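Would you mind keeping the following structure in view while I ask a few things?
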Amino acid sequence: MLGLVVTPDNHFQEKDFEQPLYEGIYKVLDGYMEHVRPQLLPHPFCMLVNDEGLLRDNLNVNIIASLLYGHPIYGTVVFMKDGWNRTGERDVVGLTQDEIKGLLLHFHSLANCLQEMIIEEEGT
């Protein structure tokens, strides 16, 4: 199932996760995952973040994820969506190629706006 990995230094990578999902996510997040819903993305998008992100001092803030969530998020984040698995249970499911393209466009425009704000702030 496809997810979009976003690192604290704004590197974006499409990744295909195999089942069980938690094993692949654990490796990417460098820890256990917490499921959160970004306030600035429509349902059904969700973020999988490091469960101990606020407690660990070796993780950098993830600006994109923090802005979308509304609170600080530390470390690498995986964007996926809420849905139903093959057995009909609510679960985290993968993204389509079109959804990944849409998220990437949104993230790049968000990063550009942030860069412009920084440049304006430095100029004053």
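Which residue fluctuates the most in the chain, going by a Gaussian network model with Cα springs under 10 Å, if the choices are LEU67, LEU105, LEU29?
Of LEU67, LEU105, LEU29, the most mobile in the Gaussian network model is LEU105.
Another question, then. Can you give the charge dipole size of the chain about its Cα centre, rounded to the nearest 20 debye, using +1 on the beta carbon of Lys and Arg and -1 on the beta carbon of Asp and Glu? Don't jump to the answer; show the numbers that get you there.
Working: 8 positive and 19 negative charges, 73 e Å.
Computed about the Cα centre, the dipole is about 340 debye.
Each label point is 7 Å from the Cα along the Cα-to-Cβ direction; what then is the distance between the points at ARG37 and ALA111, in nm?
2.8
Mean-square fluctuation check for the chain, GNM, Cα pairs under 10 Å: which of THR87, THR96, THR76 is largest?
THR87
Share of the chain's accessible area from carbon and sulfur, percent, 1.4 Å?
Working: 4150 of 7820 Å².
Taking all protein chains in place, the chain shows 53 percent carbon and sulfur surface.
Okay, next question. Using the heavy atoms of the protein chains alone and a 1.4 angstrom probe, what is the accessible area of the chain per residue in square angstrom?
Working: 7820 Å² over 124 residues.
Counting only protein heavy atoms, the per-residue value for the chain is 63 Å².
Another question about this same structure. Which entry in (1) 13.7, 44; (2) 14.8, 57; (3) 14.6, 47 is this structure's computed Rg and Dmax of the Cα atoms in Å?
The listed entry that was calculated here is (2).
Please give the length that would be gained between LEU2 and ASP30 if that part of the chain were fully extended, namely 0.36 nm times their separation in residues minus their C-alpha to C-alpha distance (nm, one decimal).
That pair, LEU2 and ASP30, stretches by 8.2 nm at full extension.
Using only alpha carbon pairs under 8 Å that are at least six residues apart, calculate the relative contact order of region 25-124 and give it in whole percent. Provide the component values of the computation, followed by the final result.
On the way: 143 pairs, mean separation 20.7, N = 100.
For region 25-124, the relative contact order is 21 percent.
Related question: With charges only on Cβ, +1 for K and R and -1 for D and E, what is the dipole size of region 7-60 about its Cα centre, in debye, rounded to 20? Walk me through the intermediate numbers first.
Details: 4 positive and 10 negative charges, 36 e Å.
So the dipole magnitude of region 7-60 works out to roughly 180 debye.
The values are calculated or read from the model by the stated rules, or taken from the named source; none is laboratory data. None of these values were measured; they are calculated from a predicted model. Every residue, glycine among them, receives a Cβ derived from its backbone with ideal geometry; neighbour counts consider all protein chains shown. These accessible areas exclude ligands, DNA and RNA; they are computed on the full protein's heavy atoms, side chains included. Shrake-Rupley method; radii C 1.70, N 1.55, O 1.52, S 1.80 Å.
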